[in-house]
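Beneath this line is the structure, given in C-alpha cells, with notes to follow.
The values are calculated or read from the model by the stated rules, or taken from the named source; none is laboratory data. Since the structure is predicted, the reported quantities are computational estimates derived from the model, not experimental observations. Please note: Cβ atoms are built from the backbone with ideal geometry, for glycine as well, and neighbour counts cover all protein chains shown.
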Amino acid sequence: MGGNALNSVITERKTTEQFDRIASEIIPILKEGLGTEIHIVTAYHTKDTHGDMDIMVKITHELHNKGINLRTFIEDKFEPGQIFTNGSIISFDYDQFQIDIIPIKESLWDVSIAFFDYDPTGNLMGKSAHKFGLKYGWNGLIYPFRNFNGRLSHDILLSTDNAEIFEFLGYDYEEFKRGFDDLVEIFDYIIAGKYFDYTIFLMENLNHIDRKRNKKRKSYQEFLQYVEKKGIKDTYQFNKDKSTYIDLIHNSFPKVDLKGKIEELSKKNAENQELNAKFNGRLIMNVYPDLSGKELGNAITNFQKSFEDYREFGLNNSADEIMFEFSKFYENEKGSI
C-alpha cells in the first residue's frame, strides 16, 4: 500500500480511466481463480490519478481449505516483473502499475473495508481512538492491555461492528457509507466528529513512528494545512489520564465486559510480577555466577518445564524454596543443559 513497494520495475501513476480498465482485467481473474469476494479499496470519487491499486481478498474457510498459495497464484496468473511480500500484503506490477493484494479474514471483512476505504479517514479516526486509550484499525476497535513492563500483554477486542465503532468515536456511519467526492469532504467529516481535537493531529504531538509515517503521507499533511487554514481552535479536549474513559468504554460495549477482563488480566499480571521477583536470572547468577546467556535461559526453561504446573508451584512457594528446587534440578541435569 502506498505505491512504493516495487523498486526493480517501472511503475507509474494511472488515470481513473486506466485504473478502471486494469481493474476490469484483474478482478475477474481473481474471482474465478479464488472463488471469493474481492473488494477494491475505494478512494474519494473525484480522485483523478492513482499511485497503486489496493485489492482486498476475503479469506473464507472454503478458500483456506483449497490450500492456494496467493503468491504462487499471482505469479502464475499475472507473470509480474517483480513480486514483493510485506507481512501478508503481496505487491506486484501489472501494466506498469503497482497492485497490492491484501488478504483479510472473513470475520474482519466488513470492518477492514470501512477502515481502508476513503483514505485517510481510518488513519484520522484512529487518532481519536488513541486518546481514549484504544486502537482502531483494519482488525476493529481494540483496548490494548499492557503488562508490568509497559509492553503489550493482550489485545481486548471491543467491536468489529462498524456502526458501533463509528458511534463510539463520534462519527455518522451512514454518512460515511454514502462516500466522499473529494478530500475536503473527508476533512470536514473528520472535523465534525464529536471528539475532534485538532491538537492530537499536530506533528509535534505524535510519537516518533507515527510522526515519521505521517510526514510522508501527502493527505495527512494536506489535512493539517486545511485545519490551520480554517483556524480551528475551539475543539474537544481529552483527559490526559486515559483510565478516566474505562467506564465509558465498558458501558459502550457491555457484551465485552471490559472491566472484568482488565481485572482478570491485572490479577495475572500481578502474579507474573510475583513469579518474576521470586525466580529470575539475576537470582540464579548470584548462586551460579558462571551460568549465563543461552545456557542460563535453557536452564530456566527446562526447570519450569519439569513441573506439571510451574505457575502454581511458583505462586505457592517462597523464593528460597524455588531456588532450592532449582539447585537440585540443575545439579542433576546440568550435564545435558
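Here is the figure for the stretch 167-196: residues that are within 19 Å of residue 250 (Cβ to Cβ), assigned to a helix (DSSP H, G or I) and not charged (D, E, K, R) total 2. Taking residue 300, is it touching a Lys or Arg at 6+ places or on another chain (Cβ under 7 Å), part of a helix (DSSP H, G or I) and closer than 12 Å to residue 279 by Cβ? No, not satisfied.
So, restricting to helices (runs of 4 or more DSSP H) that lie completely within the stretch 1-80, which ones have at least 3 residues that are assigned by TED's automatic domain parsing to the domain that holds residue 99 and more than 26 Å from the chain's Cα centre (by Cα)? Of the helices (runs of 4 or more DSSP H) lying wholly inside the stretch 1-80, those with at least 3 residues that are assigned by TED's automatic domain parsing to the domain that holds residue 99 and more than 26 Å from the chain's Cα centre (by Cα) span 16-34, 70-78.
Among the residues of the stretch 83-98, just one is touching a Lys or Arg at 6+ places or on another chain (Cβ under 8 Å) and either assigned to a loop (DSSP other than H, G, I, E, B) or among the charged types (D, E, K, R) (or both), namely 97. Residue check: is residue 223 of a type in the set (A, V, I, L, M, F, W, C), over 22 Å from residue 249 (Cα atoms) and either at pLDDT below 95 or touching a Lys or Arg at 6+ places or on another chain (Cβ under 6 Å) (or both)? Considered against the rule, which asks whether it is of a type in the set (A, V, I, L, M, F, W, C), over 22 Å from residue 249 (Cα atoms) and either at pLDDT below 95 or touching a Lys or Arg at 6+ places or on another chain (Cβ under 6 Å) (or both), residue 223 comes out as yes.
Residues are listed down the side, and each one gets a yes or a no for (1) in contact with a Gly (Cβ under 8 Å, 6 or more places away or on another chain); (2) closer than 25 Å to residue 117 by Cβ; (3) surrounded by fewer than 15 Cβ atoms within 10 Å (Cβ to Cβ); (4) among the acidic types (Asp, Glu):
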position	(1), (2), (3), (4)
202	no, no, yes, no
206	no, yes, no, no
210	no, yes, no, yes
223	no, yes, no, no
231	no, no, yes, no
237	no, no, yes, no
241	no, no, yes, yes
253	no, yes, no, no
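Regarding residue 130, is this residue in the same structural domain as residue 193 (by TED's automatic domain parsing), over 23 Å from residue 174 (Cβ atoms) and either within 25 Å of the chain's Cα centre (by Cα) or part of a strand (DSSP E or B) (or both)? So residue 130 passes the test. The set of residues from the stretch 114-143 being under 22 Å from residue 239 (Cα atoms) and hydrophobic (A, V, I, L, M, F, W, C) comprises 124, 125, 129, 132, 134, 141, 142. Tell me, yes or no, whether the stretch 312-321 has at least one residue that is farther than 19 Å from residue 271 by Cβ and part of a loop (DSSP other than H, G, I, E, B). Within the stretch 312-321, not a single residue is farther than 19 Å from residue 271 by Cβ and part of a loop (DSSP other than H, G, I, E, B). Among the residues of the stretch 106-135, the ones that are more than 22 Å from residue 240 (Cβ to Cβ) and in contact with a Phe, Trp or Tyr (Cβ under 8 Å, 6 or more places away or on another chain) come to 11 in all. If you scan the stretch 236-251, which residues turn out to be more than 16 Å from residue 144 (Cβ to Cβ) and of a type in the set (A, V, I, L, M)? Answer for the stretch 236-251, where residues must be more than 16 Å from residue 144 (Cβ to Cβ) and of a type in the set (A, V, I, L, M): just 248.
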